[in-house]
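Following: one structure in structure tokens, then a few remarks.
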Amino acid sequence: MYRKLIFTVLAIATATLVLTACGDNSTGATEEEAPALPNLEYSQPDVSYFENTTVKTKSASQNFLMAKSMVLSYGSISSIGMLYGSILESAPQGEGSFNNGTWEWTYSYNYQGASSEMRVTAQDNGNAISWAVYWSYSDTEVTIEDYKLMEGTTQNDGLTGNWTFNSFEAESNTPVPFLTSNWVTDGEGESEITIEILDNSSGNITISYDKVSTDFLMIVTGEGTGGNDMEIGWNTDTNLGYIQQGTDTPLCWDSSNNTVVDISCSNT
């Protein structure tokens, strides 16, 4: 599974990198205003608490370190969507062409015999917009034509939606989903995100992220966890948190001072 993820990331990163300097060959809006290209921010979990909290060696909280490792590990997989999102950010805003009810942005790059092209499409369905991103590439050895990298739907306010990200299958032009993201948020203090990692060999993993004001909760379940379901909660106001594996007793920590220490959960 992880070898496929790494291969996919490298392929998409390469595509994104070469397109940062590309030119746009779209024709411009003709009949109506083009929809704003989507921002994937709402579909990604906020794990900044663990990124910004450090533990001094002499006062290391094992409970915190265990939770941090788990959150950032799953968070890195979840953030693959942001890599795909950079493709959308590279599209020329407001310069799409409109044909038969579909908006389209196309931008390409040519270098030393190799050519790469991204095509983003959008269809207005009333209160929601359906999106798709296609990649074409060719050089002296490889030809990829209109490979669907991702697709999804966003409500017009951007606060509700879903994405499906496809892995890069070098030997087939048939998209294979490997990650899905569904979200709903008020755009301020509350959000619910469900991310599913799809793997037919070892089983799927579902990661749920809930945020209510300063309370955060991550729950990991599924066959792919090998029975090691996990629940991790933290509060960025009190700086208290806990980690619980299966039906085991929760393990808690306190990061409200200069040190991060293990504490009894009865004190949280």
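The values are calculated or read from the model by the stated rules, or taken from the named source; none is laboratory data. None of these values were measured; they are calculated from a predicted model. Positions of Cβ are generated from backbone atoms using ideal geometry, with glycine treated the same way; all protein chains shown enter the neighbour counts. Note: accessible area is taken over every heavy atom of the protein model, side chains too, but ligands, DNA and RNA are not part of it. Shrake-Rupley method; radii C 1.70, N 1.55, O 1.52, S 1.80 Å.
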Open item on the list: Residues to consider are N166, N162, N127, N182; find the one that is polar (S, T, N, Q) and over 28 Å from M218 (Cβ atoms).
Closed with: N127
TODO: Could you tell me which of the residues E196, E145, E151, E190 is under 19 Å from the mean Cα position of the chain (by Cα), closer than 19 Å to E117 by Cβ and not β-branched (V, I, T)?
DONE: E151
TODO: Might you check whether a residue that is modelled with pLDDT of 50 or more, touching an Asp or Glu at 6+ places or on another chain (Cβ under 7 Å) and open to solvent by less than 30 Å² (accessible area, probe 1.4 Å) occurs anywhere in segment 49-66?
DONE: yes
- [ ] Could you look through segment 211-268, keep only residues that are in contact (Cβ under 8 Å) with a residue 12 or more places away in the chain and of a type in the set (D, E), and pick out the one that is least open to solvent (accessible area, probe 1.4 Å)?
- [x] D254
- [ ] Report yes if some residue within segment 113-132 is in a strand (DSSP E or B), in contact with a strand residue (DSSP E or B) (Cβ under 7 Å, 6 or more places away or on another chain) and modelled with pLDDT under 80; otherwise report no.
- [x] no
- [ ] Out of E188, E196, report the one residue that is charged (D, E, K, R) and part of a loop (DSSP other than H, G, I, E, B).
- [x] E188
Open item on the list: Give me the residue from segment 170-216 that is modelled with pLDDT under 95 and among the charged types (D, E, K, R) and, out of that set, farthest from Y242 (Cα to Cα).
Closed with: E171
- [ ] Filter segment 133-167 down to the residues that are β-branched (V, I, T) and modelled with pLDDT under 85, then identify the one that is least open to solvent (accessible area, probe 1.4 Å).
- [x] I144
